[in-house]
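Undergrad: My questions will all concern the structure given below.
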Amino acid sequence: MSNSFKTFLKHTAKDFHNQSVNPPVVRASTIIFKSMQHIRKTQAKAQKNPIGGHYDYGRQGTSTTHILQKILTKLEESYHVFTTPTGFGAIFLAIFSVTRPGDEIMVADPVYHPTRLLTQDYLKEFNIKTIFYDPHDLKTIEKNISKKTKLIFVENPGSNSFEFQDLGKIISIAKKNKILTAIDNTWATPYYFKPIKFGFDMSVVSATKYYSGHSDVMGGSLAVNKKVFNKVKATERITGLRLGPDDAYLITRGLRTLDVRLDRHRENAKKVAGFLSKNKKFKLLYPYKKDSYNFRMWKKYYSGASGLMGLKIKSKNINSVRKFVNSLKLFGYGYSWGGFESLALHQEFRETGNRNYLKLAKDEHLVRFHIGLEDPNDLIADIKQALKHLK
């Protein structure tokens, strides 16, 4: 990227042909050609340059989706980025592209619950074994590696419990044993951490979250290096996991302000975390405590922190925890995150799923906050008034 991240987002993909700042939405199922010779020439170009945007059918994309892929490829500093209808679609594409019956994969214990269901349950039907590792004890990776191990799948930080891992050590273990690696990088995006440049083979971002930024679109991205490109390309083509042009347009538009929004999310979250860290009723799950392992691992690999954080609340009265969450007035209650609005969720089993290494006592509860773009002082005041219900 010749210009800075911030400048690139503002000046890329202008459409001088249509004289528009953002590229137009091109919808097509049939890609029309002037002749059969024209089709064959396009197909030959696609064979020679598979990332060049040479399509002969709408399922492969249009100029709208191709432009988004080019933008994300530069942001990720990757060989290519595939776009999918949802963030989970990108996770599915990554795993199914490189695993086959008889393989084994290593997965971080605190992954997104649907990822856990996919790996621990669904993959069994394809004779693919999943072993979950402790994010804070990577010996649980090393001692379980076998000749059948094909992939280490990381989510950093851990979903809902926010464990930060030693990413450099994971890459070192993988390269030593010739194992592929993938990471769910939705929390940070390539604005704060670039996994492919760091050494991962694949990097997932749920474009539903910060890429879109407005809570009105679903999408996913899978950045890859050249090593795995052909496998992912073949799987994407046969499964039809392709983002539509209307969603691609909205994500492209949202990306223009990704840096501005993430900078504000970070500053707001920092202020809210400062307030929350002083309360003895709970433990803040966010990289703020400088003498903690999580902070050291965050600081070692990331240039910033986003707006998603958690609380581990110790209370014998679960109804008071629920009342605390329900008393918030500026926080919406709903799944997903990454939009301009603040959100809160009381985390129950349906959100966390079974964990091998997350040990919560009966009187410990998880609450997740997404800190949005509101005035942070208003958010702090709102949390403060709700805390009186916590017993």
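Undergrad: Identify the single condition in (1) crowded, with 21+ Cβ neighbours inside 10 Å; (2) under 20 Å from LEU373 (Cα atoms); (3) not small (Gly, Ala, Ser) that ILE313 does not satisfy, given that it satisfies every other one.
TA: Just one mismatch for ILE313, condition (2).
Undergrad: Anything in segment 236-271 that is among the acidic types (Asp, Glu), in contact with a helix residue (DSSP H, G or I) (Cβ under 7 Å, 6 or more places away or on another chain) and over 20 Å from TRP337 (Cβ atoms)? List them, or say none. Even if it seems obvious, please write down each step before you answer.
TA: To start, the set of residues in segment 236-271 that are among the acidic types (Asp, Glu) comprises 236, 246-247, 259, 263, 267.
Applying the additional criterion that residues be in contact with a helix residue (DSSP H, G or I) (Cβ under 7 Å, 6 or more places away or on another chain) yields 236, 259.
The one that is among the acidic types (Asp, Glu), in contact with a helix residue (DSSP H, G or I) (Cβ under 7 Å, 6 or more places away or on another chain) and over 20 Å from TRP337 (Cβ atoms): GLU236.
Undergrad: Now, a different point. Taking the stated definitions as given, is ARG100 open to solvent by 60 Å² or more (accessible area, probe 1.4 Å), touching a residue at least 60 places away in the same chain (Cβ under 8 Å) and either touching a Gly at 6+ places or on another chain (Cβ under 9 Å) or on the phi < 0 side of the Ramachandran plot (or both)? Please lay out each step first, then the result.
TA: Numbers: open to solvent by 60 Å² or more (accessible area, probe 1.4 Å): yes; touching a residue at least 60 places away in the same chain (Cβ under 8 Å): no; either touching a Gly at 6+ places or on another chain (Cβ under 9 Å) or on the phi < 0 side of the Ramachandran plot (or both): yes.
Judged against the criteria, ARG100 is not a match.
This table checks each residue for (1) closer than 30 Å to PRO50 by Cα; (2) among the polar types (S, T, N, Q); (3) touching a helix residue (DSSP H, G or I) at 6+ places or on another chain (Cβ under 7 Å).
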residue: THR84; (1), (2), (3): yes, yes, yes
residue: VAL98; (1), (2), (3): yes, no, yes
residue: ASP103; (1), (2), (3): yes, no, no
residue: VAL107; (1), (2), (3): no, no, yes
residue: ASN127; (1), (2), (3): no, yes, no
residue: PRO157; (1), (2), (3): no, no, no
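Undergrad: Please specify each residue of segment 255-295 satisfying the condition of being in contact (Cβ under 8 Å) with a residue 60 or more places away in the chain and of a type in the set (D, E, K, R).
TA: Residues satisfying the conditions are ARG256, ASP259, ARG261, ARG264, GLU267, LYS271, LYS281.
Undergrad: Return the total of residues in segment 286-306 being in contact with a helix residue (DSSP H, G or I) (Cβ under 8 Å, 6 or more places away or on another chain) and within 16 Å of ASN156 (Cβ to Cβ).
TA: Looking only at that region, the number is 10.
Undergrad: If you go through segment 19-57, how many residues are closer than 20 Å to GLY254 by Cα, more than 27 Å from the chain's Cα centre (by Cα) and not in a strand (DSSP E or B)? If you could, list the steps in order and put the result at the bottom.
TA: Residues of segment 19-57 closer than 20 Å to GLY254 by Cα: 19-27.
If we keep only those that are more than 27 Å from the chain's Cα centre (by Cα) too, we end up with 19-21.
After this cut, where a residue has to be not in a strand (DSSP E or B) as well, the list is 19, 21.
Number satisfying all stated conditions: 2.
Undergrad: State whether one or more residues within segment 123-139 are open to solvent by 70 Å² or more (accessible area, probe 1.4 Å) and among the aromatic types (Phe, Trp, Tyr). Outline the logic, then answer.
TA: Step one: filter segment 123-139 for residues open to solvent by 70 Å² or more (accessible area, probe 1.4 Å), giving 124-127, 129, 136, 139.
Now drop any that are not among the aromatic types (Phe, Trp, Tyr), which leaves 126.
Yes, segment 123-139 contains a residue that is open to solvent by 70 Å² or more (accessible area, probe 1.4 Å) and among the aromatic types (Phe, Trp, Tyr).
Undergrad: Can you pull out the residues in segment 249-278 that are of a type in the set (Val, Ile, Thr) and under 23 Å from GLU76 (Cβ atoms)? First the steps, then the outcome.
TA: We begin by selecting, within segment 249-278, every residue of a type in the set (Val, Ile, Thr); these are 251-252, 257, 260, 272.
Listed by number, the residues that qualify are ILE251, THR252, THR257, VAL260.
Undergrad: Oh, and also: Does PHE331 fit the bill of being open to solvent by less than 30 Å² (accessible area, probe 1.4 Å), within 28 Å of MET218 (Cβ to Cβ) and over 19 Å from the mean Cα position of the chain (by Cα)?
TA: Numbers: open to solvent by less than 30 Å² (accessible area, probe 1.4 Å): yes; within 28 Å of MET218 (Cβ to Cβ): yes; over 19 Å from the mean Cα position of the chain (by Cα): yes.
Considered against the rule, which asks whether it is open to solvent by less than 30 Å² (accessible area, probe 1.4 Å), within 28 Å of MET218 (Cβ to Cβ) and over 19 Å from the mean Cα position of the chain (by Cα), PHE331 comes out as yes.
Undergrad: Tell me, which residue of segment 264-300 that is among the hydroxyl-bearing types (Ser, Thr, Tyr) and surrounded by 18 or more Cβ atoms within 10 Å (Cβ to Cβ) is farthest from the chain's Cα centre (by Cα)? Give the derivation first.
TA: To start, the set of residues in segment 264-300 that are among the hydroxyl-bearing types (Ser, Thr, Tyr) comprises 277, 286, 288, 292-293.
Subsequent filtering for residues that are surrounded by 18 or more Cβ atoms within 10 Å (Cβ to Cβ) retains 286, 288.
Working: TYR286: 17, TYR288: 21 Å.
Checking each candidate, the answer is TYR288.
Undergrad: Further question: Checking the structure you have, find out if any residue of segment 357-365 is assigned to a loop (DSSP other than H, G, I, E, B), open to solvent by 20 Å² or more (accessible area, probe 1.4 Å) and either of a type in the set (Ser, Thr, Tyr) or in contact (Cβ under 8 Å) with a residue 60 or more places away in the chain (or both).
TA: So in segment 357-365, the residues assigned to a loop (DSSP other than H, G, I, E, B) come out as 357-363.
Within this subset, residues satisfying the condition of being open to solvent by 20 Å² or more (accessible area, probe 1.4 Å) are 357-363.
Add one more test, that the residue is either of a type in the set (Ser, Thr, Tyr) or in contact (Cβ under 8 Å) with a residue 60 or more places away in the chain (or both), and what stays is 357-358.
Yes, there is a match, as at least one residue in segment 357-365 is assigned to a loop (DSSP other than H, G, I, E, B), open to solvent by 20 Å² or more (accessible area, probe 1.4 Å) and either of a type in the set (Ser, Thr, Tyr) or in contact (Cβ under 8 Å) with a residue 60 or more places away in the chain (or both).
The values are calculated or read from the model by the stated rules, or taken from the named source; none is laboratory data. None of these values were measured; they are calculated from a predicted model. Note: ideal-geometry Cβ built from the backbone for every residue, glycine included; neighbour counts use all protein chains shown. These accessible areas exclude ligands, DNA and RNA; they are computed on the full protein's heavy atoms, side chains included. Shrake-Rupley method; radii C 1.70, N 1.55, O 1.52, S 1.80 Å.
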